[in-house]
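Right, one structure below, let's go through it.
The values are calculated or read from the model by the stated rules, or taken from the named source; none is laboratory data. Computed from a prediction, not measured in an experiment: that's the story for all the values here. Every residue, glycine as well, gets a Cβ built from its backbone with ideal geometry; the counts of neighbours run over all protein chains shown. In case anyone asks, the SASA skips ligands and DNA or RNA and just uses the protein heavy atoms, side chains included. Shrake-Rupley method; radii C 1.70, N 1.55, O 1.52, S 1.80 Å.
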Amino acid sequence: QVQLVESGGGLVQPGGSLRLSCAASGNIFSISAMGWYRQAPGKQRELVARFTSTGSTNYADFVKGRFTFSKDNANNTQYLQMNSLKPEDTAVYYCNAEDPKYDYWGQGTQVTVSS
């Protein structure tokens, strides 16, 4: 089992920045991939960024050049740095971790981009 706890969401003006954090605990050595997803009202959950054990990070086209995934292995924490935020980035953001059997999810954190 893996537990994920997120923090860092909030209200930001268009063009602003936020950094989301996700701390993992439990059987973290089983994790083969991790990343971030988001879900806007009335829409399906969608991939934002995904890092795999090969060392590569895949980004959704709509965040390329604006969002950056990173991780701190010493603290078992992953981050999503979000710059140049747009109103259409408004959503609940979820961190994710995968092991060979399960997907694990954080509780979600609201990001609202509005003037």
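Return the pair list, or none, for Cβ contacts closer than 7 Å from residues in segment 82-94 that are farther than 24 Å from ALA23 by Cβ and modelled with pLDDT under 95 to residues that are of a type outside the set (Ser, Thr, Tyr) and loosely packed, with under 13 Cβ neighbours inside 10 Å, at least 6 apart or on different chains.
none
Looking only at segment 1-24, count how many residues are more than 15 Å from the chain's Cα centre (by Cα) and at pLDDT 95 or above. Step through it out loud before you land on a result.
Initial filter on segment 1-24 (more than 15 Å from the chain's Cα centre (by Cα)): 1-2, 11-16.
Remaining after also requiring at pLDDT 95 or above: 11-16.
Number of matching residues: 6.
Restricting to segment 95-114, what's the tally of residues that are touching a Phe, Trp or Tyr at 6+ places or on another chain (Cβ under 7 Å) and open to solvent by less than 40 Å² (accessible area, probe 1.4 Å)?
7
Quick one: in segment 1-53, which of the residues that are assigned to a strand (DSSP E or B) and of a type in the set (Lys, Arg) is nearest to SER115 (Cα to Cα)?
My answer is ARG19.
Only one of these is exposed (fewer than 14 other Cβ atoms within 10 Å of the Cβ) and touching a residue at least 40 places away in the same chain (Cβ under 8 Å): GLY35, GLY10, GLY16. Name it. Even if it seems obvious, please write down each step before you answer.
Numbers: GLY35 fails: exposed (fewer than 14 other Cβ atoms within 10 Å of the Cβ); GLY16 fails: exposed (fewer than 14 other Cβ atoms within 10 Å of the Cβ).
Within the list GLY35, GLY10, GLY16, the selection yields GLY10.
Any chance you could count how many residues in segment 72-88 are more than 23 Å from ALA33 (Cβ to Cβ), open to solvent by less than 20 Å² (accessible area, probe 1.4 Å) and not in a loop (DSSP other than H, G, I, E, B)?
0
List pairs: first residue in segment 59-71 and at negative phi, second residue open to solvent by 50 Å² or more (accessible area, probe 1.4 Å) and in a strand (DSSP E or B) anywhere in the structure, Cβ distance under 6 angstrom, at least six positions apart or on different chains.
What qualifies is ALA60/LEU47; THR68/GLN81.
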